[in-house]
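Any read-out appearing in this document is the output of simple, stated calculations on the displayed coordinates, not a laboratory observation. Please read these numbers as outputs of a predicted model, since none were measured by experiment. As a convention, Cβ positions derive from the backbone with ideal geometry for all residues, glycine included, and neighbour counts pool all protein chains shown.
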Amino acid sequence: MCLRQTTQFPTSYVVLDFETTGFSAAHDEPIQVSAIRYEQFQETASFVTFIRPTKPVPANITAFTGITTEDVAHAPTIHDVFAELVNFIGKDAIVAHNASFDLKFLEINMQKVGLPYTKFRVIDTVPLARRYIPAANHKLPPLKSFLNLEQLPSHEAQSDCYVTSAAYQYCHRQKFGY
């Protein structure tokens, strides 16, 4: 896998989130991706797009994400999107909530489109949240509530990136006491 956990707490990074047709990177496909670049904790650029899968979006995924087959019918394919996405990420550290899920989808789809293997520096906010955020559940919807971000929809890639970044920044403040 192209995931290399880092113990550093960078202040410049890219938050990454995928919405997918299911939970298996080997069998399912991305239907939405968001990557937001932060420099010194300030958003400086974003990459957000629907992705057209090869099969219809399953009803249970539409119920979960709100994304329909019609939403992605005219979207670009992974072949149109992934080189630009990987270029957007560049050499920055990736911050993701449950990072192994998103990185598996990134890696498998990079292979599908013929992009070279890349080892990314990755920060997973799940263990950070467990350590620094006093919540009974550390999934994104409860963290949204803890961080006063209830206005953001759940299971929408860009909103999930904003929640992930807020959680990361909260954990950073707790660790370094500012």
When the stretch 49-136 is reduced to its Cα atoms, the Kirkwood hydrodynamic radius in Å
15.0 Å
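Over the residues of the stretch 61-107, compute the C-alpha Rg and express it relative to 2.2 N^0.38 Å.
Details: Rg = 13.1 Å, N = 47, 2.2 N^0.38 = 9.5 Å.
Computed over Cα atoms of the stretch 61-107, the ratio equals 1.38.
Tell me, what is the Rg over Rh of the chain, with Rh the Kirkwood radius over Cα pairs?
Details: Rg = 15.6 Å, Rh = 16.4 Å.
Rounded to two decimals, Rg/Rh equals 0.95.
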Expressed in nanometres to one decimal, the distance between label points 7 Å along Cα→Cβ at Gln111 and Ala26 is 1.0 nm
So which of Lys104/Lys139; Lys55/Lys104; Lys119/Lys144 end up more than 24 Å apart by C-alpha?
Lys119/Lys144
Peptides 134-143, 153-162 ordered by average Cβ neighbours within 10 Å, highest first
153-162, 134-143
For the chain, give the magnitude of the charge dipole about the Cα centre (Cβ charges: +1 Lys/Arg, -1 Asp/Glu; no others), in debye to the nearest 20.
740 debye
Suppose only helical runs count, i.e. DSSP H with n ≥ 4. What mean residue ellipticity at 222 nm does that imply for the chain under -39500 (n - 2.57) per run, divided by all residues and rounded to the nearest 500 deg cm²/dmol?
-12000 deg cm²/dmol
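May I ask for the net charge around Cys161, where only other residues with Cβ less than 13 Å from the Cβ of Cys161 are counted and Lys, Arg are +1 while Asp, Glu are -1? Could you put the intermediate results ahead of the total?
Values: positive: Arg37, Lys144; negative: Asp17, Glu19, Glu43, Asp102, Glu156, Asp160.
Summing Lys/Arg as +1 and Asp/Glu as -1 gives -4.
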Karplus (6.51, -1.76, 1.60) ³J(HN,Hα), θ = phi - 60°, over the stretch 42-52, in Hz, Gly and Pro reported as x:
9, 5, 10, 6, 9, 9, 9, 7, 6, 10, 7
Whole-Hz ³J(HN,Hα) from phi, Karplus 6.51 cos²θ - 1.76 cosθ + 1.60, for the stretch 8-23, glycine and proline x:
6, 10, x, 9, 10, 6, 10, 8, 10, 8, 10, 10, 9, 7, x, 10
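Over all directions, what mean area does the Cα convex hull of the stretch 88-175 project, stated in square nanometres? Kindly include the intermediate steps, with their values, before the conclusion.
Working: hull surface 24.7 nm².
Over all viewing directions, the stretch 88-175 projects a mean Cα-hull area of 6.2 nm².
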Taking Lys and Arg as +1 and Asp and Glu as -1, residues besides Asp102 with C-beta under 12 Å from its C-beta add up to -4
Could you tell me, in Å, what Rg and Dmax come out for the Cα atoms of the stretch 7-76?
14.5, 41
Hey, in the GNM for the chain with a 10 angstrom Cα cutoff, which one of Ala166, Ala59, Ala93 fluctuates hardest?
Ala59
Within the stretch 54-69: backbone nitrogen closer than 12 Å to the Glu43 label point (7 Å, Cα to C-beta)
none
Under 5 Å from the placed amide H of His97, counting only residues 5+ away or on other chains, we find Thr125
